[in-house]
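Following: one structure in structure tokens, then a few remarks.
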Amino acid sequence: MQSYENNQHITEITINECFGASFFKDCKNLKKVIIEEGIESIPPFAFRASGLEQISLPTTLKTIGEYAFENCLRLKNINLPKNLQKISEGAFYGCHNLLQINGTRQISDIGAGAFCGCRGLREIVLNDTIEELGDYSFAACQGLRRIDFPQQIRKIGKHCFQFCETLEKIQLPDSLKEIDTSAFCGCNSLRNVIIPEGTEIIGSYAFEDCMHLETVTLPASLQYIGKRTFWGCDGLKTVYMPSKIEEYKRAPLFETAHSVVVI
């Protein structure tokens with residue numbers, strides 16, 4: 001199959017055979033794509049910065065490659081097939097107007113930055129078998145109000161939810177072991193955070209600039225907490241902290257004084 005990269009005449013196409021990386025990259029007038037049954041993967045950068053508005057994916061699809069739909073600014077909705085297993089790094093990076101993604105529950109592998117910058121995305125449901133959310137997975141998803149965390153998750157990566165400004169509530173599961181650097185930095189709508197017992201590491205700046213955060217509860221299982229974890233949390237009133245945690249005395253967690261309740 002020939003490449004259509006940077007072709008400004010194509011407006012729609014039906015794909016019935018395997019195609020390569022960047023095949024439809026920068027096709028600004030490409031609006032509609034049908035991928036027929038039998039195709040198992042979408043290659044890296046396949047539709048990057050195209051004018052894509054509608055795409056029909058086959059049930060045989062298993063993998064969406066790196067940055068396959070990056071900066072598809074006209075894409076608003078997408079239905080993922082039931083056999084899809086992997087969404088690779090940056091697959092939907094910068095899809096600012098993507099409002100709804102159906103079929104994410106069955107996906108067991110979500111790469112770093114997969115949905116970074118999807119500003120219109122409001123809710124996403126994840127597979128309970130996912131053990132790690134990669135760096136920047138949902139960063140700058142400014143419309144994201146709710147996320148159901150996988151019940152087996154062990155690590156939330158760096159900057160994973162940074163600048164998710166409307167994320168109002170998070171319920172972290174007991175399986176969690178690590179919250180990495182700046183994971184929830186700039187989540188201005190968070191008000192109450194309970195870090196579950198079993199969590200061992202909270203990275204630096206993890207909740208920095210969560211300006212409306214009022215209460216935080218830290219677990220006795222915590223072994224390390226980084227610097228400036230709650231820096232810029234101007235609304236923070238009370239921190240419930242186990243007596244064994246001494247790290248905060250030498251690595252400042254707070255920009256200003258707050259009530260620390262030792263439990």
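Computed quantities for the displayed model
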item	result
Check: the chain dipole with +1 on Lys, Arg Cβ and -1 on Asp, Glu Cβ, in debye	440 debye
Sequence of Ser137, Ser56 once ranked by neighbouring C-beta atoms within 10 Å, starting from the fewest	Ser56, Ser137
Ascending count of other beta-carbon atoms within 10 Å, so fewest first, for Phe149, Phe69	Phe149, Phe69
Footprinting exposure proxy for Met1, Met211 (fewest neighbouring C-beta atoms within 10 Å first)	Met1, Met211
Amide H within-cut-off set for Asp148, under 5 Å, with H built and near neighbours excluded	Ile124, Leu126
Hz values of 3J(HN,Hα) by residue in region 16-24 - Karplus curve (6.51, -1.76, 1.60), Gly and Pro given as x	10, 8, 4, 9, x, 4, 6, 4, 10
Cross-link pairs beyond the 32 Å C-alpha cut-off, checked among Lys82/Lys177; Lys28/Lys86; Lys25/Lys177; Lys25/Lys86; Lys86/Lys227; Lys25/Lys158	Lys25/Lys177; Lys86/Lys227
Alpha carbon centroid spacing (whole Å) that separates region 169-203 from region 66-121	23 Å
For region 85-91, 3J(HN,Hα) per residue [Karplus equation, 6.51 cos²θ - 1.76 cosθ + 1.60, θ = phi - 60°, Hz, x = Gly/Pro]	10, 9, 10, 7, 3, x, 3
Total charge dipole magnitude, region 43-94, about the Cα centre, Cβ charges on Lys, Arg, Asp, Glu only, Debye to nearest 20	180 debye
Per-residue [θ]222 nm for the chain (sum of -39500 (n - 2.57) over DSSP H runs n ≥ 4, rounded to 500)	0 deg cm²/dmol
Unit charges on C-beta of K, R, D, E only; dipole of region 1-121, Debye	420 debye
Whole-number percent relative contact order across the chain, with pairs defined as alpha carbons under 8 Å at least 6 apart	9 percent
Point-to-point label distance, Lys28-Tyr224, nm (Cα→Cβ direction, 7 Å offset)	4.8 nm
Highest-fluctuation residue, Phe19, Phe230, Phe163 considered, GNM on the chain with Cα pairs under 10 Å	Phe19
³J(HN,Hα), Karplus 6.51/-1.76/1.60, whole Hz, each residue of region 175-190, x for Gly, Pro	6, 5, 10, 9, 10, 7, 3, 6, 4, 10, 4, x, 7, 5, 8, 5
Global geometry of region 1-121, whether rounded, prolate or oblate, following the gyration tensor of its Cα atoms and the 1.5 cut on a/c	oblate
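No value in this document is a laboratory result; all are computed from the given coordinates. Computed from a predicted model, the values in this text were never measured in an experiment. Because the Cβ atoms are built from the backbone with ideal geometry, glycine has one as well, and the counts that use them run over all protein chains shown.
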